[in-house]
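Participant: Dumping the structure here so I can ask a few things about it.
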Amino acid sequence: MDDRDLLRYSRHLLLDEIGIEGQQKLLAATALVVGCGGLGAAALPFLAAAGVGHLIIADDDCIDDTNLQRQTAFSEADIGSNKAETLKGRLNAINSRIDVTALNERLDEARLIELMRRADIVVDCCDNFTTRQAVNRAAVATRTPLVSGAAVRFEGQIAVYRPDLADSPCYACLFDGEQASDGACAVFGVFSPLVGIIGTTQAAEALKLLMHIGRPAHGTLLVYDALANEWQRFPFEPNPACRVCGGGT
């Protein structure tokens, strides 16, 4: 870090848990963020501002009027533009000293595996169950730590998965492909600040993982009720019959 970095990240450096060593870990890190909608647009500005050295962001969707109710990184002037490419400009404006790679594409499992081999962590900010399962399979295959979030109506959830650790459950241990279903905000609606609460919590968990600070968060599903303003914690264990990380087929 040079003098400009020392000044920029000084509020991190003042924290005993972070200091220069923790900030250097962030600057050297690569994070893959899948989805630049509500959750991604909330998480990514904090990852950029905090100094994650390389952000790979992916989304093939374009901004429309319905997004502006909750995706506060975008403006009316952005309507019709690709989300990942637009957000890259915002992130570079926040922190010009980091690298941002924007991918205007829908990532299949092979592409996810390719990108995760270059990343230290993956943050799943997508909006559908099929992609979450594909991200999880790729994370297990590459042993990449995963921070997964979801938000619909007034309820959000977040969980950390650690396929790099032994005996750590994966997403499919909790949400089996034959049991879970989508709850798309296009059908059910979503409370505007909810995506900010969940997305910024994802950013916090990702930063802690990259710096190796805080209490381990894997093996617990956090569920937030915005109407009651309450968090609930639900511990869960690896499923020996899991079709992704266990012995199931």
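Participant: Could you grab me the full set of residues in the range 134-164 that are over 24 Å from residue 45 (Cα atoms) and either touching a residue at least 60 places away in the same chain (Cβ under 8 Å) or hydrophobic (A, V, I, L, M, F, W, C) (or both)?
Facilitator: 134, 137, 138, 140, 141, 163
Here is a yes/no grid of residues against (1) more than 30 Å from residue 128 (Cβ to Cβ); (2) in contact with a Ser or Thr (Cβ under 6 Å, 6 or more places away or on another chain); (3) aromatic (Phe, Trp, Tyr); (4) touching a residue at least 60 places away in the same chain (Cβ under 8 Å):
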position: 1; (1), (2), (3), (4): yes, no, no, no
position: 7; (1), (2), (3), (4): yes, no, no, no
position: 10; (1), (2), (3), (4): yes, no, no, no
position: 18; (1), (2), (3), (4): yes, no, no, yes
position: 30; (1), (2), (3), (4): no, no, no, yes
position: 35; (1), (2), (3), (4): no, no, no, yes
position: 39; (1), (2), (3), (4): no, no, no, yes
position: 47; (1), (2), (3), (4): no, no, no, yes
position: 51; (1), (2), (3), (4): yes, no, no, no
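Participant: Restricted to the range 118-130, and to residues that are closer than 18 Å to residue 206 by Cβ and of a type outside the set (Asp, Glu), which residue is modelled with the lowest pLDDT?
Facilitator: Result: 126.
Participant: Across the range 210-249, what is the number of residues that are farther than 19 Å from residue 156 by Cβ and not in a loop (DSSP other than H, G, I, E, B)?
Facilitator: 2
Participant: Determine whether residue 121 is buried (at least 18 other Cβ atoms within 10 Å of the Cβ), of a type outside the set (D, E, K, R), in contact (Cβ under 8 Å) with a residue 12 or more places away in the chain and within 26 Å of residue 24 (Cβ to Cβ).
Facilitator: The answer is yes for residue 121.
Participant: Of all residues being of a type in the set (D, E, K, R) and loosely packed, with under 12 Cβ neighbours inside 10 Å in the range 200-238, which is nearest to residue 169 (Cα to Cα)? Just the residue, please.
Facilitator: 237
Participant: Kindly indicate whether residue 152 is over 17 Å from residue 219 (Cα atoms) and assigned to a strand (DSSP E or B).
Facilitator: Here the answer is yes, as residue 152 does meet what is asked.
Participant: Something else about it: Being modelled with pLDDT of 95 or more and out of contact with any Lys or Arg (no Cβ under 7 Å at 6 or more places or on another chain) narrows it down to one residue among 135, 187; which is it?
Facilitator: Criteria check complete, one pass: 135.
Participant: Could you say whether any residue in the range 157-168 is at pLDDT below 95 and part of a strand (DSSP E or B)?
Facilitator: no
Participant: Quick one: count up the residues across the range 205-239 that are modelled with pLDDT of 95 or more and of a type in the set (Lys, Arg).
Facilitator: The number of residues fulfilling the criteria is 2.
Condition check ((1) in contact with a helix residue (DSSP H, G or I) (Cβ under 8 Å, 6 or more places away or on another chain); (2) free of Cβ contacts under 8 Å to residues at least 12 places away in the same chain; (3) in a strand (DSSP E or B); (4) surrounded by 15 or more Cβ atoms within 10 Å (Cβ to Cβ)) across all residues:
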{"site": "66", "(1), (2), (3), (4)": "yes, no, no, no"}
{"site": "74", "(1), (2), (3), (4)": "yes, no, no, yes"}
{"site": "87", "(1), (2), (3), (4)": "yes, no, no, yes"}
{"site": "90", "(1), (2), (3), (4)": "yes, no, no, yes"}
{"site": "100", "(1), (2), (3), (4)": "yes, no, yes, yes"}
{"site": "105", "(1), (2), (3), (4)": "yes, no, no, no"}
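Participant: Name every residue in the range 41-64 that is closer than 24 Å to residue 112 by Cα, surrounded by fewer than 18 Cβ atoms within 10 Å (Cβ to Cβ) and of a type in the set (D, E, K, R), in order of residue number.
Facilitator: Across the range 41-64, the qualifying residues are 60, 61.
Participant: Right, another one. Output the number of residues of the range 136-171 satisfying the condition of being of a type in the set (A, V, I, L, M, F, W, C) and out of contact with any helix residue (DSSP H, G or I) (no Cβ under 6 Å at 6 or more places or on another chain).
Facilitator: 7
The values are calculated or read from the model by the stated rules, or taken from the named source; none is laboratory data. Just so we're clear, the structure is a prediction, and the values are computed from it rather than from any experiment. Don't worry about glycine lacking a Cβ; one is built from the backbone with ideal geometry, like all the others, and counts go over all protein chains shown.
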